[in-house]
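Readers should treat all values here as calculations from the given coordinates under stated rules, not as data from a laboratory. Owing to the predicted nature of the structure, the values given are computational and were not obtained by experimental measurement. Please note: Cβ atoms are built from the backbone with ideal geometry, for glycine as well, and neighbour counts cover all protein chains shown.
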Amino acid sequence: MAMVIGCVFPKPEWENVESDHEPTLNVFGLISLDEETISFVDVHRTLTLDEQASSTWGIDFESEYIVKDASVKIFDGSKQFSFTFMPWEGEYEKNDRRSYQNRYYDTTGTFIPKPNMLYQLSVTTEKWGILTGEVVTPNIPTINEKAFPDTIRAKIPYTMKFDLGGEVYGKISTRVIDGYYCGIEFSRIVSPGTTEWTTPPNDCLESERWQGVLLEGDSLEIILRTMDDQYYEYIIKESAGGFVDFLTGSGGIARSIGVEGGYGVFGAIAADRIYRPLIP
């Protein structure tokens, strides 16, 4: 049974295999230029059939595939940064950004990723070998605030204009900050070269029960994320059943993109976000 790499909000998924194999490193490294997502490296390994059969699903099962003693380093061409394993203690806040543990982070606060830069990853273990990878970070996208409505009306479509910052794929998503209103939250992938997008009509039922409730003073968060080609290839293009995103709690089947010496991906994202008052 080979493990599918975990996600930023961990929920391991698995792929059944019928023949045994030597355990292999399975790594997801993310360089984040999004102020609300911390750069991290997940280091897992696949399990043999015997290990899978003798393990109990849950904490004991996770302890089998999580590699806690790896040497994880990221190099930016001039400086090397060591990432430290943070054991599971639940959700926590770091530098005003939400994160989850049981993965490797820069705990010194000195790793500050830059756009359009080559980063190299090295994961070294005694038992499972060495995995390496590299990625070039995307430029930071920009939402054209001047061309954006001052206030969002939940039932009226609106158009947003933006610059992806290069020939990269983007993801547009929206989120109501406090309340809930049907049909106002979206998640869409946009192709390279796209410069504007219009929300679809709100076709929710007229009943207030289905529409939801907006709290007084509520607002809508609009996020534009971009990703490098490796992130796109691993998480979006080759994932069965449409868009799969580590940032929303799903993963794809194990493969190797941008890494050597094991499974996984070394990817990068960048983001811009704005907020607007939201009314029915």
For the range 72-81, 3J(HN,Hα) per residue [Karplus equation, 6.51 cos²θ - 1.76 cosθ + 1.60, θ = phi - 60°, Hz, x = Gly/Pro] = 10, 9, 10, 10, 9, x, 9, 9, 9, 10
Mind checking which lysines have their C-alpha under 24 Å from LYS237, skipping anything on the same chain fewer than 8 residues away?
-> LYS11, LYS171
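Among the listed pairs LYS79/LYS114; LYS68/LYS127; LYS79/LYS127; LYS114/LYS161, give every one whose C-alpha distance is greater than 20 Å.
Working: LYS79/LYS114 13 Å; LYS68/LYS127 12 Å; LYS79/LYS127 27 Å; LYS114/LYS161 24 Å.
Too far apart for the 20 Å limit: LYS79/LYS127; LYS114/LYS161.
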Sequence of TRP128, TRP88 once ranked by neighbouring C-beta atoms within 10 Å, starting from the fewest | TRP88, TRP128
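Taking neighbour counts of Cβ atoms within 10 Å as a proxy for exposure, in what order, fewest first, do MET160, MET227, MET117 appear?
Numbers: MET160 20, MET227 26, MET117 14.
Ordered by Cβ neighbours within 10 Å, fewest first: MET117, MET160, MET227.
Please compute the net charge surrounding GLY166, taking Lys and Arg as +1 and Asp and Glu as -1 over other residues with Cβ under 13 Å from its Cβ.
Numbers: positive: none; negative: ASP163, GLU167, ASP228, ASP229.
Around GLY166, the charge tally is -4.
Of the listed peptides 258-268, 172-182, what is their order by residue-averaged count of other C-beta atoms within 10 Å, with the highest listed first?
Details: 258-268: 23.5, 172-182: 16.5.
Result, highest mean first: 258-268, 172-182.
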